[in-house]
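Report on the following structure.
The values are calculated or read from the model by the stated rules, or taken from the named source; none is laboratory data. If you're wondering where the values come from, they're calculated on a predicted model, not measured in any experiment. Heads up: the accessible areas ignore ligands, DNA and RNA and are worked out on the full protein's heavy atoms, side chains in. Shrake-Rupley method; radii C 1.70, N 1.55, O 1.52, S 1.80 Å.
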Amino acid sequence: MVVSKDHPRYRSLVIRELLAELNKAGLVSTTGLIAHGRGEAFDYLLGETTNPNALEAESVAVAYMLEAKNPLISVNGNVAALCPREIVSLSEIIPAKIEVNLFHRTDERMERVCAHMEAMGAKRVLGRNPDAKLNGIASDRSLCTREGILMADVVLVPLEDGDRAEALLHAGKIVLAIDLNPLSRTSKAATVTIVDEVTRAIPNMIDSVDELKTDLSKRRSLISTFDNKANLKKSVQMICKRLQKD
Ligand code: PTJ
């Protein structure tokens, strides 16, 4: 389908087309399309822009990644489809490992998502050959690598479901979530929740790396003063305000 650039929802329509195409190609799961729809609804309510509280959470998340011994970015089908190059850039400048972890896991789909990340520039993608398990998850999402998720101390999980976010926390990890729904279990459980659309959040994170890399005291102060519950409350209040205004 050709989408006209004049269409008021051009960006949203282009992203939908991309996800639908990559669903046909076996990269994005069918429920990934539904998850994206839920995200879009929250984004609409948030004004489809990065809010100051999201920007703050993005800087705090980068501070945690730079302070980490073993930072890792967990990638699923939606994330691989939406912003693969940006994930690769972030992983290179932190530096952080990349591991693919899928909710709807088959060997074939794992290979597709890993190969896609490599085609988009990732030099090393973990996940194909799991040799460890994350406790507390019944499904195949528990499969992971010792070198990657199991050893990571800080894990960035864009678009994660609540069970896995909680299991990562129980395993003693700092969990950085990107989730447009400030009411989700993941958002509430995470150490830092970025309530922003992933294709805006990752570039914003990349932008803050340079400054935070050289400023240790700013990193530490961002981490020590951040209150995730209060930050989430601001996103909910923003939604309420917008609903009342219109
Ligand atoms: O590729 P797989 O098999 O690993 O499956 C991935 C999905 C996304 C299907 C899986 O992780 C899942 O079911 O996720 P949930 O539980 O639906 O959670 C996704 C969360 O991300 C929801 O709260 C959405 O609001 C939010 N979300 C969706 N799209 C975006 C988003 N947040 C930020 N940016 C988005 N583009």
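Worth pointing out:
- The 1.4 Å probe gives accessible areas that order S59, S224, largest first, as S224, S59.
- Backbone amide hydrogens, once placed in the peptide plane, bring L134 within less than 5 Å of L143, C144, excluding anything fewer than 5 places away on its chain.
- Take every Cα pair under 8 Å whose residues are at least 6 apart in sequence, average their separation, divide by the length of the range 52-245, and the relative contact order is 25 percent.
- Once the mean of 1/r is taken over each pair of separate Cα atoms and inverted, the range 1-113 shows a Kirkwood hydrodynamic radius of 15.9 Å.
- Taking all protein chains into account, the per residue accessible area for the chain stands at 49 Å² (1.4 Å probe).
- Computed over all pairs of different Cα atoms, the Kirkwood value for the hydrodynamic radius of the range 90-137 is 11.8 Å.
- Centre separation in Å (Cα based) which lies between the range 189-210 and the range 29-65: 8
- Diffusion coefficient (Stokes-Einstein, Kirkwood radius over C-alpha pairs, 25 °C, 0.890 mPa s) for the range 52-245: 147 µm²/s, rounded to a whole number.
- Going by accessible surface with a 1.4 Å probe and the largest first, R146, R105 read R146, R105.
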